[in-house]
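Participant: Shown below is the structure under consideration.
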Amino acid sequence: TDLFEQIFYRVLKEVADRGLLSSEHVFIDSTHVKESANKRKFQKKVVRKESRAYEQKLQEELNIDREKNGKKPFPPEKFEKDEHKEIKESTTDPESGYYVKDERTKQFAYSFHAATDERGFVLATIVTPGNVHDSNMLQPLVQKIIDKVKRPLAVAADAAYKTPAIANFLLENQILPVLPYKRPMTKEGFFKKNEYVYDEHFDCYLCPEGQVLNYRTTTKEGYRQYASAPSICASCPVIDQCTKSKNQQKLIQRHIWQDYLDVAEDLRHHYEIKEIYGKRKETVERVFADAKEKHGMRWTTLRGLKKMSMQAMLTFAAQNLKKLANWTWIPPVRGNAHTYGMSCGTSS
């Protein structure tokens with residue numbers, strides 16, 4: 001049944017009718033809800049990887065890129081190979097996901113993905129197993145908001161959502177991506193990727209020593225590969241800071257949607273974008289904090305995605321209802337305080 005979803009959107013409609021909804025700026029995040037299942041009771045299972053919302057679009061565009069560079073397009077069956085992974089499946093609740101945060105935090109859990117407006121009203125929510133990456137759920141969440149509420153002007157999310165696919169989706173839908181700085185994942189003692197300069201006109205990279213890394217191919221994951229000449233690298237004085245490859249060749253990958261990510265990175269420095277991002281802690285993070293502290297969302301005794309989705313819808317509907325009551329409550333007139341107290345069954 002979609003009864004709980006109807007309740008959620010009925011409350012949201014009431015919020016909108018009172019003129020309290022402010023969905024121009026949307027804030028997205030997720031939180032884990034611990035499942036009531038023993039983390040040691042599981043079976044290993046090989047499953048098909050979940051398809052991402054942008055998969056079809058990426059396949060079409062990377063094949064166009066390959067043809068433009070004189071390469072043959074990948075046939076459809078090429079994308080279907082090696083699309084499996086091994087997971088731990090709980091014998092208590094098979095629909096939950098094994099979540100690993102660090103050595104001390106390993107558990108079966110569900111992920112509650114939610115989007116709020118700048119006043120903290122929850123606009124949409126999706127529940128997934130705890131092992132689904134946050135970035136896979138931004139597109140369906142934003143699409144829900146577009147369909148059920150309205151198209152936002154900006155979407156703010158943390159560094160986990162800073163991917164080429166998300167930047168591409170938001171900008172092509174005329175939505176500003178509000179994403180933070182993401183530290184380069186480079187090993188200590190090696191040149192960072194931004195020290196290799198990309199030449200857009202000649203479609204190549206220049207290394208810190210001035211050598212050209214030319215285009216080689218586009219992979220089925222959507223990355224263009226640029227490689228150096230091993231004969232030149234062999235005599236390079238700083239090769240130890242560049243690569244440890246046996247054939248003494250430096251390889252750099254650039255996503256076909258990297259330009260969209262570069263736009264998001266440029267926007268990050270604007271004062272208005274910084275101001276929007278700063279509201280995350282007051283909106284979606286506060287909603288999750290209240291849900292865990294006051295609505296029992298730290299862990300659950302329910303099992304199965306359907307029941308967890310019901311819990312999410314009812315919890316967020318209750319939070320929206322409480323916030324609506326607080327914002328629309330009219331205090332009694334000062335002169336009638338005694339009468340107000342008596343009408344509530346209390347003595348003054």
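Participant: List pairs: first residue in segment 208-234 and free of Cβ contacts under 8 Å to residues at least 60 places away in the same chain and at positive phi, second residue in a strand (DSSP E or B) and crowded, with 17+ Cβ neighbours inside 10 Å anywhere in the structure, Cβ distance under 8 angstrom, at least six positions apart or on different chains.
Facilitator: none
Participant: Looking at the structure I just gave you, is Leu141 touching a strand residue (DSSP E or B) at 6+ places or on another chain (Cβ under 6 Å) and either in a strand (DSSP E or B) or not hydroxyl-bearing (Ser, Thr, Tyr) (or both)?
Facilitator: Criteria met by Leu141.
Participant: Can I ask one more? Could you check how many residues of segment 177-194 are polar (S, T, N, Q) and either in contact (Cβ under 8 Å) with a residue 40 or more places away in the chain or not in a helix (DSSP H, G or I) (or both)?
Facilitator: 1
Participant: If you don't mind, there's one more thing I want to ask. Taking the residues in segment 6-46 that are of a type in the set (Asp, Glu) and surrounded by 16 or more Cβ atoms within 10 Å (Cβ to Cβ) as candidates, determine which candidate is nearest to Tyr277 (Cα to Cα).
Facilitator: Only one residue tops the list, namely Asp29.
Participant: Scan segment 145-157 and tell me whether some residue there is assigned to a loop (DSSP other than H, G, I, E, B) and either outside the structural domain of Glu282 (by TED's automatic domain parsing) or polar (S, T, N, Q) (or both).
Facilitator: No - not one qualifying residue is present in segment 145-157.
Participant: What are the residues in segment 158-176 that are in a loop (DSSP other than H, G, I, E, B), of a type in the set (S, T, N, Q) and surrounded by 14 or more Cβ atoms within 10 Å (Cβ to Cβ), if any?
Facilitator: Thr163, Asn173
The values are calculated or read from the model by the stated rules, or taken from the named source; none is laboratory data. These numbers come from a predicted model, not from an experiment. Cβ sites come from the backbone with ideal geometry, for glycine too, and all protein chains shown count toward neighbours.
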